[in-house]
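**Q** Would you mind keeping the following structure in view while I ask a few things?
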Amino acid sequence: MADARGKWRVVEDVSFAFEAGRLYSIIGPSGSGKTSLLRLLNRLDEASGGSVVFEGRNIHEWEPWTLRRQIGFLFQTPHLFAGTVGDSIRFADEQMSPEQVKLCADRVRLRHDLIDAPVDNLSLGEQQRVALARLLATEPKVALLDEPTSALDPANTEAIERLISHLVSEHGITVIMVSHSPQQVMRLGGQALLMTEGRLVEHGPAGDLISNPQTEAGRRYVNGEFA
C-alpha cells in the first residue's frame, strides 16, 4: 500500500507482543508482508516508522551484530560456507571446541560423521540442519525462520518440524516462523498470525485460526481464495 508520499509500505499497522519460549507461525497469501515483517525483527531490514522492542530496549539501541546473535535468522534456502560442516557451524564462533560443535550437531539431529564432510556433499535437508546448527551456536533467545521447509521433501519437512517443536519445548527458544502451509501450522500448533496486504488481520491459537477463522480475510485465506 502506498502512503501519501507515494512510497510503498510493505508492512504497516502491525502491533503484537511475542511471549518468550513460544512458537508463532506467520501465515498469509504471497506478497502479504510475512518475510518483510520477519526481517524487521532483527534489523535485516530497517523500518521507516514504528518500533521493535526486545528485552525492554528498542532494537536500534542494539549493535546489529549483537542483536542478531540474540535473534537469529534462518533463510528459506540454506546459505553455507565453503569447507566442511564443522567450518560452517564454527562460523558462529571460531573458538568453539570440537565438543561444542558436536553438541550443536546433536541439537539438530546431525550425524557426527558429517562434521568433517564437505558441505557440497550434503542433501538439501542436511544443509538446512547445518544452517540451523550454526544459528543455535550463538545460543539465541529467538529464532526467526523464513519458510524453512519450503524446498524440502516430505521426510525432511517432518524432521525439521520435529526440530522446531524441540527447540521450543526443550530449549525454551522463541520461534517465529513464516509458513506457506496451513497444514504445517496445524501440525506445529502454537500461535498463528495472519497477514494480508502488510497488515496483521487475525491472530490466535493455530488450530483455531486455521479451522475456524473469525475474519473474512481469514476465511478467504483458508479457503484458498487469495490470488
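**Q** What longest range of the chain stays clear of loop-exposed GluC sites (Glu not before Pro) (DSSP non-H/G/I/E/B, at most 12 other C-beta within 10 angstrom)?
**A** Numbers: sites that count: 19, 46, 55, 94, 225.
Here the longest segment lacking exposed loop sites spans 95-224.
**Q** Moving on to the next point. For the chain, find the longest principal axis of its Cα atoms and tell me its angle to the long axis of helix 98-107, 0 to 90°, nearest 10.
**A** 40
**Q** Where a ≥ b ≥ c are the square roots of the eigenvalues of the C-alpha gyration tensor, would you call the stretch 30-76 rounded, which needs a/c under 1.5, or, failing that, prolate if a/b is larger than b/c, or oblate? Write down the numbers at each step before the final one.
**A** On the way: a/c = 2.33, a/b = 1.36, b/c = 1.71.
Oblate, since a/c reaches 1.5 and b/c is not below a/b.
**Q** Here is a follow-up. For the stretch 200-216, what does the Karplus curve 6.51 cos²θ - 1.76 cosθ + 1.60, with θ = phi - 60°, yield as ³J(HN,Hα) per residue in whole Hz, taken in order and with x for Gly and Pro?
**A** Taking θ as phi minus 60°, the curve returns 7, 10, 6, 8, x, x, 4, x, 5, 5, 6, 7, 8, x, 9, 10, 5 Hz for the stretch 200-216.
**Q** A further question on this structure: Sequence gap at least 6, Cα distance under 8 Å: using those rules, report the relative contact order of the chain to the nearest whole percent. Write down the numbers at each step before the final one.
**A** On the way: 364 pairs, mean separation 69.8, N = 227.
Answer for the chain is 31 percent.
**Q** On a 0 to 90 degree scale, rounded to 10, what angle separates helix 154-171 from the longest Cα axis of the chain?
**A** 90
**Q** Given Cα pairs under 8 Å that are at least 6 residues apart, what percent is the relative contact order of the stretch 120-227?
**A** On the way: 97 pairs, mean separation 19.3, N = 108.
About 18 percent, as a whole number.
**Q** Would you mind working out the magnitude of the charge dipole of the chain relative to its Cα centre, with +1 at each Lys and Arg C-beta and -1 at each Asp and Glu C-beta, to the nearest 20 Debye? Please report the intermediate quantities before stating the final value.
**A** Values: 23 positive and 30 negative charges, 50 e Å.
Roughly 240 debye for the chain.
**Q** Can you tell me the orientation of helix 124-136 relative to the chain, as the angle in degrees between its alpha-carbon axis and the longest Cα principal axis, to the nearest 10?
**A** On a 0 to 90 degree scale, this one is about 90.
**Q** Right, next: Using a Förster distance of 35 Å, how high is the FRET efficiency between residue 117 and residue 186, based on the Cβ-Cβ distance and rounded to 0.05? Mind dumping the intermediate values first?
**A** On the way: r = 35 Å, r/R0 = 1.01.
Rounded to the nearest 0.05, the efficiency is 0.50.
**Q** Here's another thing I want to ask about it. Please rank 203, 79, fewest neighbouring Cβ atoms within 10 Å first, as an exposure proxy. Spell out each step's value before the answer.
**A** Working: 203 17, 79 11.
So the ranking, lowest neighbour count to highest, is 79, 203.
**Q** If you don't mind, there's one more thing I want to ask. Under 1.5 on a/c is rounded, so check that first for the stretch 76-154, then, if it is not, pick prolate when a/b is larger than b/c and oblate when it is not; a ≥ b ≥ c are the square roots of the alpha carbon gyration tensor eigenvalues. Write down the numbers at each step before the final one.
**A** On the way: a/c = 1.71, a/b = 1.20, b/c = 1.42.
Oblate, because a/c is 1.5 or more while a/b does not exceed b/c.
Since every read-out is calculated from the coordinates, none of them should be taken as a lab result. None of these values were measured; they are calculated from a predicted model. So basically every Cβ, Gly included, is an ideal-geometry build from the backbone, and we count neighbours across all protein chains shown.
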